[in-house]
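First the structure, in the form of structure tokens, and then the observations on it.
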Amino acid sequence: MSVILPFLSGFLAAVIGIFPPGLINMTAAKVSVTDGRRRALVFVLGALLVILVQTYISVIFARYINKNEEVVVLLREIGLGIFTVISFYFLFFAKTPKKQIDKESIQLKSKRSRFFMGMLISAINFFPIPYYVLVSITLASYKIFTFDAVSIYSLVFGVVFGSFSVFYCYVVFFEKLKSKTDYFIKNMNTIIGLVTGFVAILTLINILNYHFN
């Protein structure tokens, strides 16, 4: 159980964090269209290497933070505020994304270094570090995850496997699904807003339990 739950939690957290169209997954899709799946998967492997390192650093950082209960509570309250703001933004203020993505918006100059290009694009994305710090601390507060070596590696590899699954879907199915994504594109803001709203509610419950128990 100490292996399965962290792995599944990491997998789910990665899918939620990466599934919305972003620079990495859309670049992977672009490489697949222009250079083929093999080069796109090489690009994905480069991105995954950086994601693995970023996630591990995040969890180790979260382990030290978790020792200070006051800091943990503060981070939960900050996370509550962030998730609440994000929810309201995506539900009420965000504009509907464009259906078509400009093919020239992602420049692919070199065809020889897809692996290193994947590493570079993933490295300039700093979102995973605070995201997985918050995820691991939240999971630990619900006793789903502990900061022992087995659970840490399980969570990290769950994140990597979840990230790979999303990237693979973009690489393999992007062209097939591109004409069928109207529903998702139109409702993406609502989907993200509902997910972050649900996380905000869980975080609020956790904070209230801490203060009143």
Cα centroid separation, segment 132-149 to segment 21-96 (Å): 16
Nitroxide proxy distance, nm - points 7 Å out along Cα→Cβ at Phe127 and Ser113: 2.5
Inter-site label distance for Leu202 and Lys67 at 7 Å from Cα along Cβ, in nm: 2.7
FRET efficiency for Glu77 and Ser165, using Cβ-Cβ distance with R0 set to 30 Å, rounded to 0.05: 0.40
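Want the number for Met26 to Leu91: 0.36 nm per residue separation, take away the alpha-carbon distance, what's left?
Stretched fully, the Met26-Leu91 segment lengthens by 21.1 nm.
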Potential lengthening between Phe212 and Ser2 on full extension [0.36 nm per residue; Cα-Cα distance subtracted]: 72.7 nm
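Computed from the coordinates by the stated procedures, all read-outs in this text should not be read as laboratory data. Note that this is a predicted model, so its numbers are computed, not measured. Don't worry about glycine lacking a Cβ; one is built from the backbone with ideal geometry, like all the others, and counts go over all protein chains shown.
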